[in-house]
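Chemist: Below is the structure I would like to discuss, written out as structure tokens.
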Amino acid sequence: MEKFEWKSTIRMNILTLKLVGLWPKSDKLYQFDFYTLYGMISAFFFVVGSILCQVIHIVRVHPDLEVLTGAIFIILTETLGSIKMCYFMLNRKLIMQLMKTLNSEMFRVRTLSQRRIVQPAMSFWKLAYVSFYTLTTATAFLWSIFPFLDQSFKEKQLPFPAWYPYDAEKSPLYEISYFHQVLGLFLCALGGLNSDTLMAAFMMFVGAQCDILCDNLRNLAMQNFNRNLLLYVNHHKVILSFAENCNKFSSVIVLGQFFTSSVTIGLAMFQLSLVNPLSSESYTLLFFESAVTVQLLLYCWFGNEVEIK
């Protein structure tokens, strides 16, 4: 049978993480090189910098309740995304350890029947990934072109109200500020969604390994019984270790995710009640609500699968 690689399932995930500066060469930590500089600029100059400009604007201007709620749920979402990006960088060593275990001989799919057993879980994860990716990028795209949809770009309005240490209404400073916000938004969205889906993939791999272990035990033959039984006991220990490392990596993020999502969903629903139901802002908020719902479903569904198996 052709060798099965778990990594192939998350190839698109890894490619996008490389694009946003969160995935150095597979066998290395962050080093003093160009890619590390690229990752730092992506995370701090574009993402964190954009958030700080929006926060300073709120502190300086003191907007009304409607504008304030609209700004806060966006800032909270972007802040959590930036924290995920930084947390991902800081836990690179743990991620490398998880990937090494995933590619080890102990986790190998040995038969065609085992491949068929794990295929439904991987297919569902891919479906969840595509759905979440589509909703997130659609939301980011609508936010980024919102000044064009409501014609506010003619008044030099940015996608998000923000303070800059210069007059952002003058060209080309307006275009530069616009690019800064849009790029920061997409880097944050792609970094956050691929961090979430990678955690969900690790949970899915834990469940798949439990299925493989059960299949091995069901087909345990009397020939070399003791040796194979010992091998499967070790396999079980490695699965538990892998699951524990996944929990170390995701527990803090999951706590922050559920808290932030609960607040942002409430604020977004309040904002939705204030806008025209057929306006572009309404559609943007609906896409946002859908994306956050799918985001929570990822952790709930795949986490529950691990608990069951």
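The values are calculated or read from the model by the stated rules, or taken from the named source; none is laboratory data. Computed from a prediction, not measured in an experiment: that's the story for all the values here. Neighbour counts are summed over all protein chains in view; Cβ atoms, including those assigned to glycine, are modelled from backbone coordinates with ideal geometry.
Chemist: Give just the number: which of (1) of a type in the set (A, V, I, L, M, F, W, C); (2) surrounded by fewer than 14 Cβ atoms within 10 Å (Cβ to Cβ); (3) not in a helix (DSSP H, G or I) does Leu127 not satisfy?
Modeler: (3)
Chemist: Still on this model: Need pairs with beta-carbon distance below 7 Å; first residue within 23 Å of Arg108 (Cα to Cα) and within region 5-22, second of a type in the set (S, T, N, Q) and in a helix (DSSP H, G or I); sequence gap 6+ or separate chains.
Modeler: Pairs that qualify, where the first residue is within 23 Å of Arg108 (Cα to Cα) and the partner is of a type in the set (S, T, N, Q) and in a helix (DSSP H, G or I), are Asn13/Asn194; Asn13/Thr197.
Chemist: In region 270-309, what residues are in a loop (DSSP other than H, G, I, E, B) and either touching a Pro at 6+ places or on another chain (Cβ under 7 Å) or closer than 16 Å to Ala138 by Cα (or both)? I'd like the intermediate steps shown before the answer.
Modeler: If we filter region 270-309 for residues that are in a loop (DSSP other than H, G, I, E, B), which is where we start, we get 273-279, 309.
Of everything in region 270-309, just one residue is in a loop (DSSP other than H, G, I, E, B) and either touching a Pro at 6+ places or on another chain (Cβ under 7 Å) or closer than 16 Å to Ala138 by Cα (or both), namely Ser279.
Chemist: Spot the failing condition for Gln181; the list is (1) surrounded by fewer than 18 Cβ atoms within 10 Å (Cβ to Cβ); (2) in contact with a Leu (Cβ under 9 Å, 6 or more places away or on another chain); (3) assigned to a helix (DSSP H, G or I), and only one is missed.
Modeler: For Gln181, the failing item is (1).
Chemist: Since Val67 meets every condition but one in (1) over 17 Å from the mean Cα position of the chain (by Cα); (2) in contact (Cβ under 8 Å) with a residue 40 or more places away in the chain; (3) more than 28 Å from Thr293 (Cα to Cα), which condition does it not meet?
Modeler: Single failed check for Val67: (3).
Chemist: Return yes or no: is Thr101 of a type in the set (Ser, Thr, Tyr), closer than 26 Å to Ser50 by Cα and touching a residue at least 24 places away in the same chain (Cβ under 8 Å)? Please lay out each step first, then the result.
Modeler: Details: of a type in the set (Ser, Thr, Tyr): yes; closer than 26 Å to Ser50 by Cα: no; touching a residue at least 24 places away in the same chain (Cβ under 8 Å): yes.
Answer is no for this residue.
Chemist: Kindly check whether there is at least one residue in region 242-256 that is among the acidic types (Asp, Glu), surrounded by 13 or more Cβ atoms within 10 Å (Cβ to Cβ) and either modelled with pLDDT of 90 or more or over 23 Å from Leu297 (Cβ atoms) (or both).
Modeler: First pass over region 242-256, keeping only residues among the acidic types (Asp, Glu): 244.
Right, trim to surrounded by 13 or more Cβ atoms within 10 Å (Cβ to Cβ) and you get none.
No, that holds for no residue.
Yes or no, residue by residue, for (1) crowded, with 19+ Cβ neighbours inside 10 Å; (2) among the hydroxyl-bearing types (Ser, Thr, Tyr); (3) farther than 19 Å from Leu240 by Cβ:
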{"position": "Phe88", "(1), (2), (3)": "yes, no, yes"}
{"position": "Arg92", "(1), (2), (3)": "no, no, yes"}
{"position": "Asn103", "(1), (2), (3)": "no, no, no"}
{"position": "Leu112", "(1), (2), (3)": "no, no, yes"}
{"position": "Ile117", "(1), (2), (3)": "no, no, yes"}
{"position": "Ser131", "(1), (2), (3)": "no, yes, yes"}
{"position": "Thr137", "(1), (2), (3)": "no, yes, yes"}
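Chemist: Would you point out which residue out of Ala208, Ala268 is aliphatic (A, V, I, L, M), over 16 Å from the mean Cα position of the chain (by Cα) and closer than 30 Å to Leu112 by Cβ?
Modeler: Ala208
For (1) in contact with a Ser or Thr (Cβ under 7 Å, 6 or more places away or on another chain); (2) closer than 26 Å to Gln295 by Cβ, each residue gets a yes or a no:
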residue	(1), (2)
Asn103	no, no
Val109	no, no
Ser113	no, no
Met122	yes, yes
Tyr133	no, yes
Thr137	no, yes
Ala140	no, yes
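Yes or no, residue by residue, for (1) over 19 Å from Ala121 (Cβ atoms); (2) in contact (Cβ under 8 Å) with a residue 12 or more places away in the chain; (3) small (Gly, Ala, Ser):
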position	(1), (2), (3)
Thr260	yes, yes, no
Val263	yes, yes, no
Ser280	yes, yes, yes
Tyr283	yes, yes, no
Phe288	yes, yes, no
Val292	yes, yes, no
Leu298	no, yes, no
Val306	no, yes, no
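Chemist: Based on what the data block shows, is Ala268 buried (at least 17 other Cβ atoms within 10 Å of the Cβ) and farther than 29 Å from Leu102 by Cα? Write out each step before concluding.
Modeler: Working: buried (at least 17 other Cβ atoms within 10 Å of the Cβ): yes; farther than 29 Å from Leu102 by Cα: yes.
Yes; evaluated as a whole, the condition is true for this residue.
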